[in-house]
Ligand code: CTP
């Protein structure tokens, strides 16, 4: 519930603005006091009249309106909020927030507030994945802005698909409750969950490294879903171009050895999910200085094996071992057989297997393959057998996995 909480909702100018009207309703039915600021562009999509009728108050839009400034003023609007919510957060608004621009009421409030800021991005997938927006989102995350979404799925533009849809109003309202600490306990409340995500970078010299194509989308979605389910989540992430998921403690690492150290430091945990694509090998004797061409020979790259993080955690004993250890298996052929062998070899409880070949992706309706995509088709391999899950967005797969984890932990607790 949000009884007595003052939420300042900033509506940006995007087609998703129509969903912000429903969002006002969702916040109000939870007891929140909602004040609305609209950008000029937002008013082309929804009217201040509609937003005002739903919020039961005046809608603010002008920085230089004498009456508004005397009445409340942008500084008071900024100060009197328990949380500032930007929905939809357009690429333009995110860029202005990153640079501290304050040329209109919305951006002036965002710069003046000291309340937590929650942003629900919504834009075309090409704009969301543009390096500039990615850079801005990462910077805003580092500045303390919390993100919810965007979700993957069909866009308003016909035929467009990908991450860019604004999170649903209910999801946003739940994220507000989480941020303000007023949510009702989820199925993982009181549990500690550890997740690894992304690739690792293994240095060759100070400027070069060995890496892989993991985007971190699946691991980050699992961390976000576990946090939504009420868990205390630590996400150990290799280098990715994704913002930190809301309500998650993130440890940023580069190499497999750093990932292992961060994982060990995050234990104990009730469940540990290893979604990272850890480099199997690192370069023996990383050069302290940049390797230079000498025109006659190429430098030999000797490799040594990295520690297997999943296997080392799965083989821990006593309370140090999480009750549920879940590994991933990215395979290009004999997917199930390899996943079953991997489960036995690594000593984990479950393996989430996926076919990362182009053919496997196409067979599951993911034409470009699973790596870097927003969808995933997985098989859950447990002691009891194999479950073939339907193709879904990485968020849907994450939610399903988290629901299974909650069910299993709660059943194990009830039985003990
Ligand atoms: N993993 C890990 N540490 C490593 C290698 C892998 O924790 N050094 C984890 C991954 O996070 C994943 C699982 O092990 O959960 C399987 O990774 P995968 O790369 O598919 O397996 P490999 O051990 O590399 O086996 P292979 O290369 O033979 O397929």
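Secondary structure note: in region 6-180, about 20% of the DSSP beta bridges are antiparallel.
Over region 73-221, the pair-distance histogram of Cα-Cα distances with 5 Å bins from zero comes to 2, 8, 14, 18, 19, 15, 12, 8, 4, 1, 0, 0 percent, rounded to whole numbers. Among 303-311, 253-261, sorting by the average number of other beta carbon atoms lying within 10 angstrom of each residue, highest first, gives 253-261, 303-311.
Once you've got the GNM for the chain with C-alpha springs shorter than 10 Å, pick whichever of 52, 285, 238 has the biggest mean-square fluctuation. Ranking 52, 285, 238 by mean-square fluctuation puts 285 first. Relative to the longest principal axis of the Cα atoms of the chain, the long axis of helix 131-142 lies at roughly 80 degrees.
Binning the C-alpha pair distances of region 305-416 at 10 Å intervals from 0 yields a P(r) profile of 14, 41, 34, 10, 1 %, listed from the shortest bin outward. Measuring nothing but how far apart in sequence close Cα pairs (under 8 Å, 6+ apart) lie, relative to its length, region 6-180 scores a relative contact order of 23 percent. Among 143, 374, 104, a tally of other beta-carbon atoms within 10 Å of each Cβ gives an order, fewest to most, of 143, 104, 374. Using only the alpha-carbon atoms, how far is helix 217-228 inclined from the longest principal axis of the chain? Give it as 0 to 90 degrees, nearest 10. For helix 217-228, the angle is close to 60 degrees. The ranking of 263, 46, 233 from fewest to most other beta carbons within 10 Å of each one's beta carbon is 46, 263, 233. For region 218-350, the convex hull spanned by the alpha carbon atoms encloses 155 Å³ per residue.
What the Kirkwood sum gives for region 178-296 is a hydrodynamic radius of 15.4 Å, with every pair of different alpha carbons counted.
Sorting 214, 197, 55 from the fewest to the most surrounding beta carbons within 10 angstrom yields 55, 214, 197. Computed log10 I(q)/I(0) for the chain at 0.06, 0.10, 0.14 Å⁻¹: -0.28, -0.73, -1.23, from the Debye equation with unit scatterers placed on every C-alpha and solvent omitted.
Springs join every pair of Cα atoms under 10 Å in this Gaussian network model of the chain, and among 94, 111, 301 the largest mean-square fluctuation is at 301. Averaged over residues, the count of other Cβ atoms within 10 Å places the peptides 163-171, 348-356 in the sequence 348-356, 163-171, highest first.
Taking the chain as a Gaussian network, where each spring joins two C-alpha atoms under 10 Å apart, which residue of 296, 182, 133 fluctuates the most? Evaluated over the chain, the most mobile residue of the options is 296.
Across region 192-415, the mean sequence separation of Cα contacts (distance under 8 Å, 6 or more residues apart), normalised by length, yields a relative contact order of 19 percent.
Sum -39500 (n - 2.57) across every DSSP H segment of at least 4 residues in the chain, then divide by the residue count to get the 222 nm mean residue ellipticity, nearest 500. List each step's numbers first, then the result.
On the way: 15 runs with 146 residues, N = 416.
That comes out to -10000 deg cm²/dmol.
In degrees between 0 and 90, to the nearest 10, how far off the longest principal axis of the chain does helix 17-29 point, with axes built from Cα atoms? With rounding to tens, the tilt is 80 degrees. Working note: Debye formula, equal point scatterers on the alpha-carbon atoms of region 192-415, no solvent; log10 I(q)/I(0) at q = 0.15 Å⁻¹ is -0.98.
Expressed as a fraction of 2.2 N^0.38 Å, the C-alpha radius of gyration for region 209-253 is 1.16.
Kindly work out what percent of the DSSP beta bridges joining two residues of the chain are antiparallel, to the nearest 5. Please report the intermediate quantities before stating the final value.
Values: 19 of 62 bridges.
The antiparallel fraction comes to roughly 30 percent.
With contacts taken as Cα pairs under 8 Å and at least 6 residues apart, the chain reaches a relative contact order of 11 percent.
Read-outs throughout are calculated quantities, based only on the coordinates presented, and are distinct from any laboratory measurement. Predicted model, so just to flag it, every value in this text is computed and none were measured. Reconstructed Cβ throughout: ideal geometry from the backbone, glycine too, with neighbour counts over all protein chains shown.
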